[in-house]
Every structure is written in C-alpha cells, then in structure tokens.
C-alpha cells in the first residue's frame, strides 16, 4: 500500500507514526509539504531538532502536490489547514485515492457537496477525523444515554477550554492554523470535536445561538471564546444544549454533563472517567479509564479507516457526518457575527448549496 500524507505538522506526523505501527514495511509513505521544517514532532508535542522527519519515518517528500499524486498513492491523509481540505481532497479522489480528512472538513460549505458526489461516483472511501468517536468515555456516555437510565433528558452542558500557546510548544502560536482566520482557525472550528460528539448523541439541532469573540489579549485574528446554546429535539421533547469553548483555560477543561429526570452523568475527558449519578442512589457509578493512552484514539481511528478501505465499507464518520458537524459550527459562527438566532435546516443533501 502507498499512502500520501498532505502536511507534516504535528497531526500529519502522528498519522505517519501510526501507519508505520499498524503496517510496518507494508506501507510506502510519501508526503506533500509546503513548510520545510524538518524536525520530528514527538508524541508529547515537542520538537526533536536532532532528528529529520523524512529520515526517521522513511518518507519521500514532495514540494509539488501533483508530483506526489503522480506516484499513484492508494490512500491519502489530508492534514493541511482546513481552508485547503476540500480542493486537495477532490484532487486526491480524482487521482483514485481513498481519503482520510482531518477535522474540520472545511471552514466553509463551498465545494463540500461536490466532494460527497465525487466520492460516491468514484466509490471512494472517505472518512473525517473525529477520533473522540473511539474514546471509551464518549462511548460509555453514549451507552448510558441510550439505555434510558437517565429518563427524560432535561439539559446538556459541554465545555472545552485550553490555553492556545500551550497547544504546540514547538511553534509560535500566532502562526498556528487555529489562530489564523485565513487558514480556517478560531475556537469554534478548531474545537469542533464537541459538535461532532453532540451530533452523534443527539442528532442535529433545530436552532443555534452564540455569544463570543476575541475577548483575550492573545495576538490572533479569530474568536477565542464562544458560548453556544443549541436546541435539539429528543423523543419529541426540546433539549437545550450549552457548549462553551475557549482558548484560555489553564489547566485545561473538557467535560460534558447530561441531566435527566432520573439522574445525571458527568464525563471528564481529561480525568478519563464517566460518573453516573442515579436520583435515589447515594453511591455514584464510576467508569474510569486511567490506563487509556490518548494516541490509542488515533490508532483505532486509522485502523478503522484501513478496514473500511480493505472491505469497501462506510466509515463511522463519513463525509455527510463531517458536513453536519461543520454546519453546526458554521451556524454558531453565523450567530456570533450577527448576534441572532440561526434556524438550522436539517438536510445534509443541501449542505453544499451553502444553506444552514
């Protein structure tokens, strides 16, 4: 198998390491990269300047994208800035690749319907990188909700916050895609994983309202804070869901609390545990995953993608799912800009027409 990795930043190098771990010498890895930084980014997100990334992982790198495609890769991992995902993905599909696209699918709806159509017409496997779908905490939360043990759902509160300069200590935070409007950055899109797992749990919202903006002293040109209220409908009842995102919290926070009329459940992703509180039980039920290593998410995700490629099957997060979480995030950004409630049209087929 021949794999093309587009972009060799932190996430691109992680996929390279995991492909080597899963396939060993059975995969030939080539890469297209624009920046010529040659150091290895370690799993701890530090720069190992004493090692060359191409030599360390036996990669052939190209400075010309079409030269890389001319090598006829079987699969492509698209890890460049989100503003470039769709045109690169289209070229890869036209070249015969199955594709794995890092989240978010894009920073706009432009071209996404063409991407879905092209993948379907050419029978290409296409997956979007929402690795939290493989997290044991998220899966446990889902199991508790779907069991009905919480009763009628009353409200949901999700929060994610982490100080942006701590994300990638090896680079100037001001140059990261997350900090730059021209590359599709901003807290809403950069922390889009929460939209995806909320979508996987509750479907698409009916309405979205958001407050936020660039409220800190960070030297960036995108929003660093967003508080988003979404109205979902579950079992014929309205369900208010509040999502808070920021680039500022230290220590970082990443939790989700779901309240029902028979109890509540609290997921803490940083503490790697899920706690279920029954209404009439003084002993909460705790599910702890302290031994779980974060990189296992990416290994399980890559393995799932490879299985789908081999079996020609639909991945757990396909392009339609990727469009839905993107539309949720774009609705929040629209509300941030207009300070108005956004009615969410739940029709993935129309996503490529620029409608929310």
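Here, each number is a calculation from the coordinates, and none is a lab measurement. Computed from a prediction, not measured in an experiment: that's the story for all the values here. When we count neighbours, we look across all protein chains shown, and the Cβ atoms used for this are built from the backbone with ideal geometry, even at glycine.
Compute the helix-to-body angle for 295-311: its Cα long axis versus the longest principal axis of the chain, expressed 0 to 90° and rounded to tens.
Value to nearest ten degrees: 70.
Over the C-alpha atoms of region 27-105, what are the Rg and the largest Cα-to-Cα span, Dmax, in Å?
13.2, 38
On C-alpha positions alone, give me the angle between the axis of helix 193-202 and the longest principal axis of the chain, in degrees, nearest 10.
Result, in degrees: 50.
Relative contact order, percent, of region 86-126 when contacts are C-alpha pairs under 8 Å separated by at least 6 residues?
Details: 32 pairs, mean separation 21.9, N = 41.
Relative contact order of region 86-126: 54 percent.
Can you compute the radius of gyration and Dmax for the chain, using only the Cα atoms, both in Å?
20.2, 65
Could the peptides 70-77, 315-322 be put in order, highest first, of the mean number of other beta-carbon atoms found within 10 Å of their residues? Mind dumping the intermediate values first?
Values: 70-77: 18.9, 315-322: 21.1.
In decreasing order of mean packing, 70-77, 315-322 become 315-322, 70-77.
Identify which of 101, 11, 78 has the largest mean-square fluctuation in a Gaussian network model of the chain, with springs joining Cα atoms closer than 10 Å.
Greatest mean-square fluctuation among the candidates belongs to 11.
Please report the relative contact order for the chain, taking Cα pairs under 8 Å with a sequence separation of at least 6, and give it as a percent rounded to a whole number.
On the way: 733 pairs, mean separation 67.0, N = 356.
This gives 19 percent for the chain.
I want to verify a result. In a Gaussian network model of the chain, Cα cutoff 10 Å, which of these has the top mean-square fluctuation: 264, 123, 272?
Of 264, 123, 272, the Gaussian network model singles out 123 as fluctuating most.
For region 40-174, what does the alpha-carbon gyration tensor say about shape, rounded, prolate or oblate, given a ≥ b ≥ c as the root eigenvalues, a/c under 1.5 as rounded, and a/b over b/c as prolate? Could the numbers behind the result be given before it?
Numbers: a/c = 2.18, a/b = 1.29, b/c = 1.68.
Here region 40-174 falls in the oblate category.
Report the residue, chosen from 294, 133, 327, that carries the largest GNM mean-square fluctuation when the chain is represented by alpha-carbon nodes joined by springs under 10 Å.
Fluctuation is largest for 294.
At a 10 Å Cβ-Cβ cut-off, how would you order 158, 190, 108, 313, fewest neighbours first? Spell out each step's value before the answer.
Working: 158 22, 190 25, 108 17, 313 10.
Listing 158, 190, 108, 313 from fewest to most nearby Cβ atoms yields 313, 108, 158, 190.
Rounded to the nearest 500 deg cm²/dmol, what is the calculated helix-only ellipticity per residue at 222 nm for the chain, with -39500 (n - 2.57) per DSSP H run of length n ≥ 4? Write out the running numbers ahead of the final one.
Numbers: 10 runs with 106 residues, N = 356.
Value at 222 nm, helices only, nearest 500: -9000 deg cm²/dmol.
Is the shape of region 252-350 rounded, prolate or oblate, going by the alpha carbon gyration tensor and its root eigenvalues a ≥ b ≥ c, with a/c under 1.5 for rounded and a/b larger than b/c for prolate? Show your work: numbers first, answer last.
On the way: a/c = 2.12, a/b = 1.15, b/c = 1.84.
Here region 252-350 falls in the oblate category.
Which percent, nearest 5, of DSSP beta bridges in the chain are antiparallel? Working shown, then result.
Details: 46 of 73 bridges.
Among the beta bridges of the chain, antiparallel pairing accounts for roughly 65 percent.
Shape call for region 103-192 from the C-alpha gyration tensor, a ≥ b ≥ c root eigenvalues: rounded (a/c under 1.5), prolate (a/b greater than b/c) or oblate? All intermediate terms of the calculation are to be shown ahead of the outcome.
Details: a/c = 2.24, a/b = 1.16, b/c = 1.92.
It is oblate, given that a/c is not under 1.5 and a/b is not larger than b/c.
What percent does the relative contact order of region 2-131 come to when contacts are Cα pairs within less than 8 Å and at least six residues apart?
Working: 220 pairs, mean separation 30.1, N = 130.
Across region 2-131, relative contact order equals 23 percent.
Report the extension gain between residue 316 and residue 26 in nm, rounded to one decimal, defined as 0.36 nm multiplied by the number of residues separating them, less their alpha carbon distance.
Numbers: separation 290, 0.36 × 290 = 104.40 nm, distance 2.46 nm.
That pair, residue 316 and residue 26, stretches by 101.9 nm at full extension.
As I understand it, the value is the acute angle between the Cα axis of helix 10-23 and the longest principal axis of the Cα atoms of the chain; what does it come to in degrees, rounded to 10?
Its long axis makes an angle of about 80 degrees.
Please rank 25, 246, 281, fewest neighbouring Cβ atoms within 10 Å first, as an exposure proxy.
Values: 25 7, 246 23, 281 10.
Result, fewest neighbours first: 25, 281, 246.
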